[in-house]
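Okay, so here's the structure we're looking at.
Bear in mind that the values in this text are calculations on the coordinates, not laboratory data. Remember, predicted model here, so these are calculated numbers, not experimental data. Here the Cβ positions follow ideal geometry from the backbone for every residue, glycine too, while neighbour counts run over all protein chains shown.
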Amino acid sequence: SDHVAKKAATNTGDEVSDAALETWVKTRLFDTIGSRAFKIEVEVTGGVVSLRGTVPSAGYKTIAVETAKKVNGIWKVIDLIKVEQ
């Protein structure tokens with residue numbers, strides 16, 4: 001049962017870390033691309049961030065992906081951002 005408790009504690013810690021990372025990525029996106037960041041959905045699982053949404057240009061997409069990569073604790077970025085046509 002001690003092993004189960006440790007595993008549960010680790011999983012809870014991961015969820016907290018993921019939530020903190022998600023908030024940090026969103027904050028950094030807002031800092032770099034302003035209100036356009038609100039159109040990007042951010043989801044973090046185990047240090048992997050998925051970015052979904054639309055931006056007005058390829059430049060904003062590149063900035064968003066690079067910004068997410070620079071956040072401490074993120075080790076992979078899944079880029080699902082679309083550029084508006």
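Here are a few things to note about the model shown:
- Net charge of neighbours whose Cβ lies under 11 Å from the Cβ of THR54, counting Lys and Arg as +1 and Asp and Glu as -1: +3
- The SER50 and GLN85 beta-carbon pair, evaluated with R₀ = 22 Å, returns a calculated FRET efficiency of approximately 0.50.
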